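Undergrad: I have a structure I would like to understand better, so I am pasting it below and will then ask my questions one at a time.
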Amino acid sequence: MPGEQSRLVYSTDGEHVVQAKSERPSKPAPARNARASGRPAPSVPDDGYVRIRREKSGRGGKTVTTITGVRAGERELDDLLKTLKQLCGAGGTREGATLEIQGDHRDRIHEKMVALGHRVKLAGG
């Protein structure tokens, strides 16, 4: 081999070539974002109002109704989510304290939340 600095790239010898650990490329550290989509979590004012918002951004053009500001435990949020999904006939999920219902159902959800005794504001477009 010409020189001590060269390293074997390919060989037909049939011998297994193992790189030294120092020669292996290191993997970059994974990004540690708060949210996978990279957008910041919307700030929720703590004024006692439940906010119902229609969103499309970052969802591939799909419309989602988000409900924030509900003061309840995890079990109560899950029960409320189930009730709203059945009311709207749509799927949905819970991201922390934010409920997400697929589609634009702000009017139905507004009526139901008022009937449940919440103070509600329609936020956004």
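Undergrad: Test of understanding: what is the full-extension gain from residue 107 to residue 11, defined as 0.36 nm times their sequence separation minus their Cα-Cα distance?
TA: Result: 27.6 nm gained on full extension.
Undergrad: Summing Lys, Arg as +1 and Asp, Glu as -1, what charge do residues with Cβ under 11 Å from the Cβ of residue 53 carry, residue 53 excluded?
TA: +2
Undergrad: Sticking with this one: Which residues in the stretch 74-95 place their backbone N less than 18 Å from a point set 7 Å from the Cα of residue 122 along the Cα-to-Cβ direction?
TA: 88
Undergrad: Then there's this: Quick one: net charge of residue 103's neighbours, Cβ under 14 Å, K/R +1, D/E -1?
TA: Taking every other residue near residue 103 into account, the sum is +4.
Undergrad: I've got another one for you. Run through the DSSP bridge list for the stretch 50-123 and note the antiparallel percent, rounded to the nearest 5. Can you show the working numbers first?
TA: Working: 13 of 17 bridges.
Counting DSSP beta bridges with both partners in the stretch 50-123, the antiparallel share is about 75 percent.
Undergrad: Per residue and in cubic angstrom, what volume does the convex hull of the Cα atoms of the stretch 50-123 have? Walk me through the intermediate numbers first.
TA: Values: hull volume 5.8 nm³, N = 74.
For the stretch 50-123, the hull spanned by Cα atoms encloses 79 Å³ per residue.
Where a number appears in this text, it was derived from the coordinates with a stated rule and is not lab data. As the structure is a computational prediction, the values presented were derived from the model and not from experiment. Heads up, the Cβs are rebuilt from the backbone with ideal geometry, glycines too, and the neighbour counts pull from every protein chain shown.
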